[in-house]
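Only one structure is covered here, and it is reproduced in the block below.
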Amino acid sequence: MEIDHRFNFDDVKIESGRKLFTQNCDFLLSVASLSQLPDENLPEVAFAGRSNVGKSSLVNALTGRKTLAKTSNTPGRTRQLNFFNLGRRLMLVDMPGHGFARASKSDILGWTGLVKDYLRGRVNLRRLILLVYSRQGLKRSDVELMDLLDEAGVTYQLVLTKEDKLKHGMVNTVHAKVIKSIAKRPAANPNVIITSAVKGDGIAELRALLTEIAELTAID
Ligand code: GDP
């Protein structure tokens, strides 16, 4: 069965998504080097985005918990990969925020080599969810990350955040523009999800999508 890229999920899929995200979402560990990575025995989905994009808020809205914000904003963990086990069915990975204004040239994404090695080598990484602030659209650091993902062959899903901060017409304009700018990218899912952690828009769809990934790519 194909993963549904159109996001017109039926009630059954929305309900499976709701159910999975009522499961416990337990913090597993923070990783600072490749040797510490957990076993690759669950399908994995990583969340990335520039700092302040609304990543903690979105993941908390998905899981209905505040665990992520607390754990990932703990000093020392903001530059690490933080792993969360969702119902023993899916591993959620919180990645460090990229695109700091003062990133050096040699470390232009403001990231460690760890992140790049992780993205290039993680066998069970099924998708990267790239969050983009709907008011700003794609920034250079997002484009650099997409280049890396295209090269590494990691499928990624763009998600616009804080949709409630835009007037209705503007959301459609930004949405169309982002879709156009990823049209020729090989590893990008052509569809872009619009979300608001505050209003709850897009949360049920994103849950359904992640649940579909967990179900269709489960590891025996
Ligand atoms: P992170 O740094 O990417 O984890 O971002 P946070 O989740 O901490 O959010 C950054 C700021 O954006 C905070 O002030 C949030 O309250 C705000 N924020 C996050 N999501 C939304 C949203 O959907 N709508 C609005 N209006 N504000 C949001």
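Summary table
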read-out	value
Placed amide H near GLN23: partners under 5 Å, 5+ positions off or other chain	none
Beta bridge orientation in the chain: antiparallel %, DSSP, nearest 5	35
Normalised contact order of region 151-220, rounded percent, pairs of Cα under 8 Å and 6 or more residues apart	36
For region 156-203 versus region 9-37, the gap between their alpha-carbon centres in whole angstrom	22
Shape call, the chain: gyration tensor on alpha carbons, a/c limit 1.5	rounded
Over the chain, relative contact order from alpha-carbon pairs under 8 Å, at least 6 apart, %	28
Chain lengthening between GLN23 and VAL123 when straightened (0.36 nm per residue, less Cα-Cα)	33.5 nm
Filter on LYS13/LYS167; LYS13/LYS180; LYS66/LYS167; LYS55/LYS116 - keep pairs with C-alpha separation over 23 Å	LYS13/LYS167; LYS13/LYS180; LYS66/LYS167
The chain - accessible surface per residue (Å², probe 1.4 Å)	49
For a label point 7 Å along the Cα-to-beta-carbon line of LYS199, residues of region 130-173 with backbone N under 18 Å	132-137, 159-173
Residues of type aspartates and glutamates that LYS139 reaches as a straight line, Cα spacing below 14 Å, ignoring anything fewer than 8 places off in the same chain	ASP147
Segments 174-185, 126-137, 37-48 sorted - mean Cβ within 10 Å per residue, highest first	126-137, 37-48, 174-185
Highest average packing first - 50-59, 22-31, Cβ atoms within 10 Å	50-59, 22-31
Nearest-0.05 FRET efficiency for THR173 and ILE219, computed from C-beta distance (R0 41 Å)	0.50
Ranked packing of 153-159, 198-204, most packed first, by mean Cβ within 10 Å	153-159, 198-204
J(HN,Hα) series, region 82-91, from Karplus relation 6.51 cos²θ - 1.76 cosθ + 1.60, nearest Hz, glycine and proline x	10, 9, 10, 9, 9, x, 6, 10, 8, 9
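The values are calculated or read from the model by the stated rules, or taken from the named source; none is laboratory data. All of these numbers come straight from a predicted model, not from anything done at the bench. Heads up, the Cβs are rebuilt from the backbone with ideal geometry, glycines too, and the neighbour counts pull from every protein chain shown. Accessible surface is based on the protein model in full, side chains and every heavy atom, while ligands, DNA and RNA are left aside. Shrake-Rupley method; radii C 1.70, N 1.55, O 1.52, S 1.80 Å.
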